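The next block holds one structure in the form of structure tokens; read it before the comments.
The values are calculated or read from the model by the stated rules, or taken from the named source; none is laboratory data. Predicted, not measured: the structure shown is a model, and the values here were computed from it. Because the Cβ atoms are built from the backbone with ideal geometry, glycine has one as well, and the counts that use them run over all protein chains shown.
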């Protein structure tokens, strides 16, 4: 089985891209399933079920969705192996720009949209910078010049990635992505012992543990202060 991790900022079009890409994968006779991770609520699992795609959903609640993903991805992988899927796609929640949901040796895809702002690629950390493939969506809403400038900005922060444009509504470009996702040399038997490509965001402070009061006397653990001296 191949495991693919797909992440990106909120509302960038991850689910739409995955649905269109799975259509192309199914035409090749591949069995595909999805593990959908989110924070508080998602009905994307209903969309996958309507499309006849096996899906598991996990909500992180008060926890960081990236940490929740890493804590559960081994079990999700075992579920995929037990059911004999050819490809298991892990779709993350819409993550913060510092998130790092990729695993060494596992294909990583970042979905980002043209409407997010021309400087957005510089603001996104490991989620974009360590991806193997960067999918840019919503290109039909902006001009050709804007598409090229945005793709150039993406290439600046991740020159090693394959950059693709996909229309989540029509599916244009999704077949090309499907040809890159399945690689017989990347079969996964277990994730035990594998490593993340980049450390998770670090935070263990009093607010992580449920503190709600404001003030330095209530702040403990991993706390960073702004430098306000002129």
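Brief remarks on what is shown
- Candidates 193, 210: the one that is outside any helix (DSSP H, G or I) and within 29 Å of residue 85 (Cβ to Cβ) is 193.
- Residue 36 being out of contact with any helix residue (DSSP H, G or I) (no Cβ under 7 Å at 6 or more places or on another chain), in contact (Cβ under 8 Å) with a residue 40 or more places away in the chain and surrounded by 16 or more Cβ atoms within 10 Å (Cβ to Cβ): no
- Test: residue in the stretch 45-53 that is crowded, with 17+ Cβ neighbours inside 10 Å, farther than 23 Å from residue 182 by Cβ, touching a strand residue (DSSP E or B) at 6+ places or on another chain (Cβ under 9 Å) and without any contact (Cβ under 8 Å) to a residue 40 or more places away in the chain: no
- Some residue of the stretch 141-162 being touching a residue at least 24 places away in the same chain (Cβ under 8 Å), under 19 Å from the mean Cα position of the chain (by Cα) and on the phi > 0 side of the Ramachandran plot: no
- Sole exception among (1) in contact with a strand residue (DSSP E or B) (Cβ under 8 Å, 6 or more places away or on another chain); (2) farther than 29 Å from residue 28 by Cα; (3) crowded, with 18+ Cβ neighbours inside 10 Å for residue 90, by number: (2)
- Every condition in (1) modelled with pLDDT of 95 or more; (2) in contact with a helix residue (DSSP H, G or I) (Cβ under 8 Å, 6 or more places away or on another chain) holds for residue 97 except the one numbered (1).
- Sole residue being in a strand (DSSP E or B), touching a residue at least 12 places away in the same chain (Cβ under 8 Å) and farther than 27 Å from residue 62 by Cα, chosen from 112, 118, 136: 136
Residue by residue, here is whether (1) surrounded by 12 or more Cβ atoms within 10 Å (Cβ to Cβ); (2) in contact with a helix residue (DSSP H, G or I) (Cβ under 8 Å, 6 or more places away or on another chain); (3) modelled with pLDDT of 90 or more holds:
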{"site": "136", "(1), (2), (3)": "yes, yes, yes"}
{"site": "143", "(1), (2), (3)": "no, no, yes"}
{"site": "166", "(1), (2), (3)": "yes, yes, yes"}
{"site": "175", "(1), (2), (3)": "yes, yes, yes"}
{"site": "204", "(1), (2), (3)": "no, no, no"}
{"site": "208", "(1), (2), (3)": "yes, no, no"}
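- Unmet requirement for residue 182, which otherwise passes all of (1) surrounded by fewer than 16 Cβ atoms within 10 Å (Cβ to Cβ); (2) within 29 Å of residue 3 (Cβ to Cβ); (3) touching a strand residue (DSSP E or B) at 6+ places or on another chain (Cβ under 7 Å); (4) modelled with pLDDT under 90: (1)
- None of 200, 127, 226 is out of contact with any helix residue (DSSP H, G or I) (no Cβ under 7 Å at 6 or more places or on another chain) and touching a residue at least 60 places away in the same chain (Cβ under 8 Å) except 127.
- Test: residue in the stretch 186-206 that is closer than 19 Å to residue 10 by Cα and under 19 Å from the mean Cα position of the chain (by Cα): yes
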